[in-house]
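One structure is given below, encoded as structure tokens.
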Amino acid sequence: MDASGLVLGRAASRIAQRLLAGEAIVVVNAEQAVVTGSRSSVLATYVAARARGSVRSGPHFPRYPDRIFRRTVRGMLPHLQSRGKTAFALLEVHIGVPEAVRDLPRVTIDDAKAKPALRAPMTLAEITRLLGARL
């Protein structure tokens, strides 16, 4: 599944539904998923999530786009129950397109595509660079 131009939350909810149905999903181009909203509020949300808790005890919020995508999907699964753990194990998320899945056909989720807006939405790559990730 190609995450380019998909709204993060909408894509994550559709992927979570498919994972619970037992489908194994590989997501590529996770860094090109978008987060809608004003730049300041989006960035404030992610900075606050990173700053929450302590280094020792957590919660540990990820800094890289593939891990943020995984955590967003995990939040839409019952990940503390056995069926949620089984479903979450079926998910693979990659930055870019790895060699192993380069030749496979890619699908996208039509109802999760970002709609045209006056201001361009922030991509996960932009957010993670501002959080300190080295992409």
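If all Cα-Cα distances of the chain are sorted into 10 Å bins from 0 onward, what percent lands in each bin, rounded to whole numbers?
Going out from 0 Å in 10 Å bins, the chain shows 12, 41, 36, 10, 0 percent.
Calculate the FRET efficiency for Ser4 and Gln81 from the Cβ-Cβ distance with a Förster distance of 35 Å, rounded to the nearest 0.05. Could the numbers behind the result be given before it?
Numbers: r = 32 Å, r/R0 = 0.90.
My answer for the efficiency is 0.65.
Grab the Cα-Cα distance for Arg102 and Leu130, subtract it from 0.36 nm times how many residues apart they are, and report the gain in nm with one decimal. Show your work: numbers first, answer last.
Details: separation 28, 0.36 × 28 = 10.08 nm, distance 2.88 nm.
Fully extending the segment from Arg102 to Leu130 adds 7.2 nm.
Restricting the count to DSSP beta bridges whose residues both fall in the chain, what percent are antiparallel, rounded to a multiple of 5?
Numbers: 4 of 9 bridges.
Percent antiparallel among DSSP bridges in the chain is about 45.
Taking the alpha-carbon centroid of each part, what is the distance from the range 99-113 to the range 26-54 in angstrom?
Computed from Cα coordinates, the inter-centre distance equals 22 Å.
Based on the Cβ-Cβ distance from Leu90 to Thr36, what FRET efficiency comes out when R0 is 35 Å, to the nearest 0.05?
Approximately 0.85, to the nearest 0.05.
Every number in this text was worked out from the coordinates using simple rules, so none of it is lab data. Predicted, not measured: the structure shown is a model, and the values here were computed from it. Neighbour counts run over all protein chains shown; Cβ positions are idealised from the backbone, glycine included.
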